[in-house]
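**Student:** Sharing a structure with you now.
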Amino acid sequence: MPSNESDWSDEFEIRALVDRYCDAVNRRDVPLWLETWNDDPHWELFGRPTQGREAALGVLQGALAMLNFVVQTAVNPVIEVNGDRATGRWLVTEWSESEQLGRLMLLFIYHDEYERTPSGWRIASRRMQLLYQGPPDLSGQSFSPTSEAG
């Protein structure tokens, strides 16, 4: 829990940052999505790391090109601020539909690192820990939320 007014303000700004990230994914707003990252972000999805804005952008554009529909929400954050750096953990639900995969639901945890920049808080690192991948009826494969795997 934030210990002072500054920490509360920082936590609020980080929550707003992650809200903008999800909103950008949902609306396919690539410029807004890019604004949520720092200048050299690390992004790891499904155990595959990318480094840098161009690499992350390529992954996002590839994913969006496959999807006819996507909605992403992030809830229950645990945020810890330490000066100009912070960490966060979010439970994310993503519903999507594509020609290749049909209707799909993902449940995962994002393990984040943030940095304060002259433009405000930005995501420096984001790692996905997959909890579930499969049909929205939860008949697909699930993974232990206590493990740090992938």
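The values are calculated or read from the model by the stated rules, or taken from the named source; none is laboratory data. Everything numeric here is computed off the predicted structure, so don't read it as measured data. Ideal geometry is used to build each Cβ from the backbone, glycine not excepted, and the neighbour counts take in all protein chains shown.
**Student:** Exactly one of (1) touching a residue at least 60 places away in the same chain (Cβ under 8 Å); (2) touching a Pro at 6+ places or on another chain (Cβ under 7 Å); (3) surrounded by fewer than 15 Cβ atoms within 10 Å (Cβ to Cβ) is unmet by residue 103. Its number?
**Tutor:** With (1) touching a residue at least 60 places away in the same chain (Cβ under 8 Å); (2) touching a Pro at 6+ places or on another chain (Cβ under 7 Å); (3) surrounded by fewer than 15 Cβ atoms within 10 Å (Cβ to Cβ) applied to residue 103, the lone miss is (1).
**Student:** Here's another thing I want to ask about it. Hey, any hits in region 45-64 for a residue that's charged (D, E, K, R) and either touching a residue at least 60 places away in the same chain (Cβ under 8 Å) or in a loop (DSSP other than H, G, I, E, B) (or both)?
**Tutor:** no
**Student:** Can you name every residue in region 12-44 that is part of a helix (DSSP H, G or I), over 26 Å from residue 81 (Cα atoms) and free of Cβ contacts under 8 Å to residues at least 40 places away in the same chain?
**Tutor:** 27, 30, 31
**Student:** When region 49-78 is examined, which residues are found to be surrounded by 11 or more Cβ atoms within 10 Å (Cβ to Cβ), farther than 15 Å from residue 98 by Cβ and over 14 Å from the mean Cα position of the chain (by Cα)?
**Tutor:** Matches in region 49-78: 51, 52, 53, 55, 58.
**Student:** Something else about it: Six or more apart or on different chains, Cβ atoms under 7 Å: show the pairs whose first residue is in region 133-150 and of a type in the set (S, T, N, Q) and whose second is modelled with pLDDT of 85 or more and surrounded by fewer than 10 Cβ atoms within 10 Å (Cβ to Cβ).
**Tutor:** 133/141
**Student:** Same structure again: Does region 90-109 contain at least one residue that is in a helix (DSSP H, G or I), modelled with pLDDT of 95 or more and of a type in the set (A, V, I, L, M)?
**Tutor:** no
**Student:** Given the condition at positive phi and among the hydrophobic types (A, V, I, L, M, F, W, C), answer yes or no: does some residue in region 81-99 qualify?
**Tutor:** no
**Student:** Which of the residues belonging to region 110-145 are acidic (Asp, Glu) and assigned to a strand (DSSP E or B)?
**Tutor:** Matches in region 110-145: 112, 113, 115.
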